[in-house]
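> One structure coming up, written as structure tokens, with questions to follow.
The values are calculated or read from the model by the stated rules, or taken from the named source; none is laboratory data. Everything numeric in this text was worked out from a predicted model, so none of it was measured. Because the Cβ atoms are built from the backbone with ideal geometry, glycine has one as well, and the counts that use them run over all protein chains shown.
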Amino acid sequence: MCGLTLQVEAGRIAHIAGDKLDPLSRGFVCPKAMALPDIHEDPRRLRGPVERDGAEWKPVSWPRAFEIAGERLAAIQRRHGADSVAFYTGNPNLHSYSAQLFELEFAKCLGSRNLYSTASMDHLPHILASYHMFGSQFLLPVPDIDRTAFLLILGANPAESNGSLMSAPGMPARLKAIRERGGQVVVVDPQRTRTADFAGRHIFIRPGTDALFLLALIQVLFAERLAHPGRLADFTRGIAEIEQAAAPFTPESVALQTGVPAETTRATAWEFAQAERAVCYSRVGACTQQFGALAGWLTIALNVLTGNLDRVGGAMFAKPAVDIVKIGGLLGQNGSFAKWRSRVRQLPEFAGFLPVAALAEEMDTPGKGQIRGLITSAGNPVLSTPNGARLERALGGLEYMVSIDLYVNETTRFANLILPPPSALERDHYDIGLRALGVRNSTRYTKPVFAADSSAREDWQIYAELGSRVARKRGGAAGLVASARMSASQWMGPRRMLDWMLRLGPYGVPLSSLEGEQHTRDLGPLAPCLPDRLMHKPKVIQLAPDIYLEDLWRLARFQQHWQPNGLVLIGRRQLRSNNSWMHRYERLSAACTARIHPADAAARAIRDGDAVEIRSRAGAIVVAAELSDRMLQGVVSVPHGFGRSGSSASVNDVTDEGQVDALSGVICFNGVPVSVTRHADVMSR
Ligand SMILES: Nc1nc2c(c(=O)[nH]1)N[C@H]1C(S)=C(S)[C@@H](COP(=O)(O)OP(=O)(O)OC[C@H]3O[C@@H](n4cnc5c(=O)[nH]c(N)nc54)[C@H](O)[C@@H]3O)O[C@H]1N2
Ligand SMILES: Nc1nc2c(c(=O)[nH]1)N[C@H]1C(S)=C(S)[C@@H](COP(=O)(O)OP(=O)(O)OC[C@H]3O[C@@H](n4cnc5c(=O)[nH]c(N)nc54)[C@H](O)[C@@H]3O)O[C@H]1N2
Ligand SMILES: [Mo]
């Protein structure tokens with residue numbers, strides 16, 4: 001999303017810089033963009049399909065690769081039913097419009113209910129809330145960060161992650177600007193993060209208790225007559241219900257579990273309510289935890305109850321050139337929840353996808369519907385999903401596996417076949433999803449920087465070729481229809497689809513008019529759009545959907561039975577990293593250490609730099625301890641995405657696939673009970 005200026009000399013990138021004329025990123029560029037040439041030129045990147053032969057990888061032609069993969073996957077489905085082949089789609093697919101456009105059609109070709117994406121370890125609570133409250137999973141509020149006077153952040157570190165579900169390149173400057181214009185930024189996090197340093201105000205919170213904290217804020221709003229939804233009240237239902245539901249959760253009653261003093265909670269509620277323009281923004285830390293769904297819902301509720309939803313400086317909705325809310329509605333993609341559940345543990349689907357926490361057990365639990373074949377695309381679930389070690393064992397037992405990826409990684413090494421697309425610089429680019437989350441409306445289409453090899457297949461082409469083959473070879477009426485639909489999509493191609501979506505959008509710009517533009521086109525600041533854009537019929541905000549009110553019983557029970565116990569594990573992201581796959585580039589280097597409070601370390605005779613063993617129900621890892629008083633006592637933090645080599649370890653060998661938010665099925669990466677022991681002590685036992 002950062003506008004870039006690339007200088008190309010003799011077929012190579014000679015220089016990369018931020019585009020100062022970009023209306024959104026204003027010249028800012030993060031380390032990930034600087035690594036683009038490293039990815040492009042990396043000799044380890046796969047340039048053509050490879051087939052595994054024992055421990056060796058042998059090149060194979062594209063036609064032959066599609067033929068084998070199509071036949072093997074369809075054969076499994078013919079024998080064991082469509083659900084026996086699963087599909088996992090990873091994070092980078094969200095950054096490729098053409099892959100995204102073909103992904104759902106590909107899933108239809110498989111005809112399987114075993115579909116998995118990163119949503120359930122990331123943003124599921126947010127899309128679940130938008131679906132229930134606004135009627136569309138795509139109608140996601142974005143903090144109007146450049147005009148707000150009070151930003152309350154829970155469980156996000158945008159100064160390092162660059163913002164998520166909020167496309168706002170250059171967060172440090174944007175955070176500073178809030179304070180320079182007299183505003184406030186408050187960060188609620190078990191670690192004092194880089195974002196907290198910019199904020200100036202930081203509140204420590206115990207992992208997994210954000211729902212309690214947010215409910216207490218809402219309780220204060222009602223008890224102290226601070227709730228003023230303003231014009232939103234005309235089209236909001238459930239205000240009285242939420243008042244009643246929040247009543248028992250006073251700041252005093254949640255102080256013990258959250259670790260936030262009652263006076264701090266009360267003062268925060270007052271400041272938030274009285275600020276001229278305020279917005280609450282919560283992300284990964286508040287999502288991927290035991291009450292993630294409740295926290296996602298309450299974040300929006302707090303904004304509504306203070307009149308800050310759809311208000312300048314509050315939580316607003318972008319008006320993107322490709323209106324995915326409208327198109328999603330036309331295509332019947334507003335969302336769905338718990339229409340079916342996973343076979344083994346009965347975890348709910350959302351929009352057709354099952355929680356990743358179920359993936360390994362669906363593979364290694366025998367019975368009808370067991371997964372025997374797998375396609376992964378742009379992902380690395382061995383490192384990115386909970387209990388990666390169990391998943392790894394399960395991968396070894398598959399009958400056939402295909403991976404669509406640029407690399408042999410910790411997951412794709414189990415594939416029988418790897419199909420690599422060209423690098424990001426060799427394909428065109430348009431941000432469909434991320435522009436819809438922009439803090440300012442803008443649009444840009446980027447042509448390929450380099451021409452791909454004539455034999456190269458982009459992700460969408462791989463989806464099309466493989467999908468139509470599997471569907472056709474599986475046979476049956478459904479298979480033939482899916483295959484024909486995919487062929488029609490392939491004939492149309494992603495560019496024409498994009499052009500059509502742009503023309504249908506609120507600005508009616510044809511793709512050809514964007515193609516000639518050097519810079520991102522500014523489409524202006526965010527503007528109020530409710531109740532018009534609401535997708536419920538009638539157009540209302542459902543402030544208190546039953547699924548959330550019912551889940552409050554679980555929260556109350558947790559509160560009652562809460563007891564201080566040992567250490568819990570949480571994650572963190574670092575500036576020079578990107579999930580599991582960018583550490584290999586020299587320009588990106590992050591460290592995999594266990595951050596622990598000095599008092600917790602002292603109690604275990606751990607010194608800075610000592611190797612420590614972190615153990616949970618699921619497994620154990622050994623990493624170096626990093627003593628830091630920026631951690632809340634009782635909490636230890638390890639970043640994810642590192643492989644099991646040298647001094648690093650995969651934290652997801654410790655996270656527990658058994659620990660999910662019971663309502664949504666989102667995984668609890670944050671708040672895993674662990675023991676931490678000096679490695680030397682473990683060895684001598
Ligand atoms: N403990 C813990 N675990 C976490 C998280 C956490 O906070 N804590 N965060 C979770 C979150 S939010 C996410 S999004 C996931 C990410 O999890 P995944 O999506 O499973 O993993 P990535 O590391 O993003 O995988 C990237 C892979 O995509 C490949 N790739 C890159 N570009 C392309 C492309 O254009 N096409 C194709 N086909 N492949 C490409 C890369 O080579 C790499 O192998 O991790 C989750 N895991
Ligand atoms: N440099 C870099 N940028 C990235 C990525 C990357 O790997 N590296 N990944 C990208 C992806 S896929 C995503 S989804 C986004 C994520 O973007 P963010 O959500 O901003 O990223 P995190 O650093 O995971 O922030 C989570 C924060 O939650 C805190 N936390 C943990 N548990 C709790 C809790 O129970 N309550 C509260 N209140 N806080 C808690 C953690 O201490 C941490 O500071 O970042 C994206 N950007
Ligand atoms: Mo993510």
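> Can you name the number of the only condition in (1) closer than 29 Å to residue 150 by Cα; (2) at pLDDT below 95; (3) of a type in the set (A, V, I, L, M, F, W, C) that residue 321 fails?
(2)
> Sticking with this one: Return the pair list, or none, for Cβ contacts closer than 7 Å from residues in the stretch 440-455 that are over 13 Å from residue 423 (Cβ atoms) to residues that are of a type in the set (D, E, K, R) and in a strand (DSSP E or B), at least 6 apart or on different chains.
What qualifies is 442/521; 442/522; 443/521; 444/521.
> Do we have any residue at all in the stretch 396-412 that's surrounded by 24 or more Cβ atoms within 10 Å (Cβ to Cβ), more than 13 Å from ligand 1 (Cβ to nearest atom), aliphatic (A, V, I, L, M) and assigned by TED's automatic domain parsing to the domain that holds residue 43?
Yes, the stretch 396-412 contains at least one residue that is surrounded by 24 or more Cβ atoms within 10 Å (Cβ to Cβ), more than 13 Å from ligand 1 (Cβ to nearest atom), aliphatic (A, V, I, L, M) and assigned by TED's automatic domain parsing to the domain that holds residue 43.
> Also: Which condition number does residue 577 fail, the rest of (1) closer than 21 Å to residue 202 by Cα; (2) within 16 Å of ligand 1 (Cβ to nearest atom) being met?
Result: residue 577 passes all but (1).
> If you take the residues in the stretch 279-328 that are touching a Pro at 6+ places or on another chain (Cβ under 7 Å) and of a type in the set (Lys, Arg), which one is surrounded by the most Cβ atoms within 10 Å (Cβ to Cβ)?
Looking at residues that are touching a Pro at 6+ places or on another chain (Cβ under 7 Å) and of a type in the set (Lys, Arg), I get 311.
> Next up: Could we say that residue 122 is away from ligand 2 (no atom under 12 Å from the Cβ) and touching a residue at least 24 places away in the same chain (Cβ under 8 Å) here?
no
> Having 1 or more residues that are farther than 21 Å from residue 289 by Cβ and in contact (Cβ under 8 Å) with a residue 60 or more places away in the chain is the bar; report the helices (runs of 4 or more DSSP H) wholly within the stretch 508-627 that clear it.
The helices (runs of 4 or more DSSP H) meeting that bar are 511-515.
> Please work out which residue is surrounded by the fewest Cβ atoms within 10 Å (Cβ to Cβ), limiting yourself to the stretch 151-166 and to residues that are more than 6 Å from ligand 2 (Cβ to nearest atom) and over 13 Å from the mean Cα position of the chain (by Cα).
Among them, the one singled out is 159.
> Among (1) under 22 Å from residue 353 (Cα atoms); (2) charged (D, E, K, R); (3) more than 13 Å from ligand 1 (Cβ to nearest atom), there is one condition residue 179 misses while meeting the rest; what is its number?
Of the numbered conditions (1) under 22 Å from residue 353 (Cα atoms); (2) charged (D, E, K, R); (3) more than 13 Å from ligand 1 (Cβ to nearest atom), the odd one out for residue 179 is (1).
> Related question: List the number of the failed condition for residue 171; all other conditions in (1) of a type outside the set (Gly, Ala, Ser); (2) surrounded by fewer than 22 Cβ atoms within 10 Å (Cβ to Cβ); (3) in contact with a Pro (Cβ under 7 Å, 6 or more places away or on another chain) hold.
Against the list (1) of a type outside the set (Gly, Ala, Ser); (2) surrounded by fewer than 22 Cβ atoms within 10 Å (Cβ to Cβ); (3) in contact with a Pro (Cβ under 7 Å, 6 or more places away or on another chain), residue 171 comes up short only on (2).
> Next up: Surrounded by fewer than 18 Cβ atoms within 10 Å (Cβ to Cβ) and over 28 Å from residue 29 (Cα atoms): does that describe residue 591?
no
> Being in a loop (DSSP other than H, G, I, E, B) and within 16 Å of ligand 1 (Cβ to nearest atom) is the filter here; which residues of the stretch 442-487 pass it?
Within the stretch 442-487, 448, 449, 450, 452, 453, 456, 457, 458 qualify.
> Let me ask something additional. If a residue has to be more than 16 Å from ligand 3 (Cβ to nearest atom), assigned to a helix (DSSP H, G or I) and touching a strand residue (DSSP E or B) at 6+ places or on another chain (Cβ under 8 Å) to count, how many in the stretch 14-51 make the cut?
6
> Within the stretch 656-669, is even one residue more than 15 Å from ligand 1 (Cβ to nearest atom) and more than 25 Å from residue 359 (Cα to Cα)?
no
> What do you reckon, is residue 411 in contact with a His (Cβ under 7 Å, 6 or more places away or on another chain) and not aliphatic (A, V, I, L, M)?
In short, no.
> For the stretch 107-124, give me the residue count where each residue is away from ligand 3 (no atom under 16 Å from the Cβ) and either among the charged types (D, E, K, R) or within 22 Å of residue 448 (Cβ to Cβ) (or both).
The number of residues fulfilling the criteria is 2.
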